[in-house]
Amino acid sequence: MNHGLTRRLVLYFSLALLTFALVIGGVFGFLFRRYTLELHTSDLRTHAEAVAASLSEKEKTGAAGAPSDAMPRGHHEGRRSMTMRRMGMESPSAQAHGETKAPAAMGAHTYCRRRVTNHSAPSAGNDDDRGLASLLSQLNAFTGSDVWLVDRSSRTITLSGTETETDYTELPESADALLETVFSGKSVSGEDFSTLLDVPSVTAGAPVTDADGRITGAVLMHRRLSDIRASEAAGFQILAVSLALAFLLAAVLSYLLARRFIRPLALMEKTAAALADGNYETRSGVRQDDEIGSLAQSLDVLAQRLEDAAAERSKLDAMRRDFFASISHELRTPLTVLRGSLDALSSGLVTDEEKRREYLAQMETSAVHLTRLVSDIFDLARLENPDFSIEKTDVDLSDALRDAVRSARRLAAPKSVDIRLADVPPISMRGDYGRLRQMFLAVLDNAVKFSPEGAAVEIGAELSGDRWRIAIKDHGPGVAADLLPHIFDRFRTNREGGTGLGLAIAQEIARRHDVVLEADSVEGQGAAFAFRGRITGRPSSPA
């Protein structure tokens, strides 16, 4: 079998699955990137708030005189000043002396950005920087982000770097607005510092308060979007591997399902090929409650009808062969008589006038028989032809029966057969008067032929509502039980000089008039024929 359909089904399933995977992947990627960014932003803000809260607690602890673990050893200044310097937030005295203020030429968004390192040269004031650099390095490592400390008073940004340096930085307006929001006491996040950091980044900020609850600074935490994208890439890699495995598995399943889907089609193809070869006994055997099952059932019904048609054709062929054989036999006898008589007369062998008249009588009888045989064959052929139409009018069936009885009595006179007709009520129906008379006469003729001399043929009629029944019974030898089912076949009753087509013609006329003709017989007790039908139309006198 050609597997083109299997390949197309697998291709269609694969394309549908691929489209589904691309749509799902695209939607998932969009939502996953958005969710990942929101998750990292929320996480960054949480860390910023935690660091700000921790620094605010140290600020409060230092103001209360409690020891601070984060303070460098040997520091002799006040705890508040030390804590602020550790944060990079200068003391009020330093602010008063203008040590970290930006030059006046700078804009309103200018901040002093200080980078502190653990490797600062040992000198006065560098212990705080090294401690602050260590703290920022630990926070950077713990949170995976860059941590900045911003002093609100001196506008100083302190961050951990590879070299200790100080420069003045003009913040973007949006970044300065973010800081102003933090200094107002709110935790915020955004991508406003991306320009300053030279890389796309997410920034989260949280305010730092002192013991009095005043906002003294801010904690800014930056995380590069490239780091976030790296974690997203891992998720996309897992998604890609999962989709690839799912696609391979789906391709295998598509192939198996496609094979299962076309298996009934293969059976139907085999059945159709067998039917084309004339094997009408083949059946697909497919039983499914779907369109394919319906198609298979229709194919099996077609096969059954083809088988029935083949059987009927075989039967008709056999009947045709029997018919021609019977016709040949029926024609041979009168033709043989005619030819023999003609040969005898033409050769001059018959000189006696009495013999000549006898030969001429035989020839006349044979010619009449041939004429009647040809006429019956012609009538039967026309009646069996579906295209042959019978002109029907409203007739009285009882009139046709009485007319047929009158003709049958003339046929029965030589054998002294008494045809007895009981009272027949008017029976109206639509039909061909001549054909109905021919139907009754054919049965009466058959009854007279098989009745012994001096016997009687009885005819009765019954009427019940719109139903009628007419019966004709003879007292002849009857019909054997094995021959009774074939009594209406052609040439089955060819005795007593008949053509053997009378009952077949009667059956065809009855069928054309929706009349049921039945036969019943007990061997040795005669035969009975019954006509049954329904009253239709209004009777009129026959033309």
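Here are the numbers for this structure:
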| read-out | value |
| --- | --- |
| Qualifying aspartates and glutamates (Cα of each under 17 Å from Cα of Lys473; at least 8 residues distant if same chain) | Asp418, Asp423, Asp445, Glu453, Glu458, Glu462, Glu518, Asp520, Glu523 |
| Cross-link partners of Lys449 among aspartates and glutamates (Cα-Cα below 12 Å; sequence separation of 8 or more within a chain) | Asp474, Glu496 |
| Fraction of accessible area attributable to carbon and sulfur, the range 413-486 (%, probe 1.4 Å) | 53 |
| Accessible surface of the range 169-222 [probe 1.4 Å, protein heavy atoms]: carbon and sulfur percent | 47 |
| Unit charges at the beta carbon, dipole of the range 189-328: most positive-side option, Met221, Val202, Ser328 | Ser328 |
| Reachable aspartates and glutamates, given that their alpha-carbon falls under 12 Å from the alpha-carbon of Lys58 and they are not under 8 places away in the same chain | Asp69, Asp210 |
| Alpha-carbon centroid distance for the pair the range 142-174 / the range 378-397, whole angstrom | 117 |
| The range 139-210: relative contact order in percent, alpha carbon pairs under 8 Å with at least 6 residues between | 20 |
| P(r) weight above 20 Å for the range 397-527, C-alpha pairs, percent | 42 |
| Protection proxy ranking, peptides 147-153, 508-514, 476-482, average beta carbon neighbours within 10 Å, highest first | 147-153, 508-514, 476-482 |
| Average accessible surface area per residue within the range 383-427, 1.4 Å rolling probe, Å² | 56 |
| Solvent-accessible area, 1.4 Å probe, carbon plus sulfur percent, for the range 229-343 | 62 |
| Charged-residue dipole, Cβ positions (Lys, Arg, Asp, Glu), the range 271-394 about Cα centre, Debye nearest 20 | 500 |
| Cleavage-rule hits, chymotrypsin sites (Phe, Trp or Tyr not before Pro), the range 337-415, DSSP coil, Cβ neighbours within 10 Å at most 15 | Phe388 |
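The values are calculated or read from the model by the stated rules, or taken from the named source; none is laboratory data. Computed from a prediction, not measured in an experiment: that's the story for all the values here. As a convention, Cβ positions derive from the backbone with ideal geometry for all residues, glycine included, and neighbour counts pool all protein chains shown. In case anyone asks, the SASA skips ligands and DNA or RNA and just uses the protein heavy atoms, side chains included. Shrake-Rupley method; radii C 1.70, N 1.55, O 1.52, S 1.80 Å.
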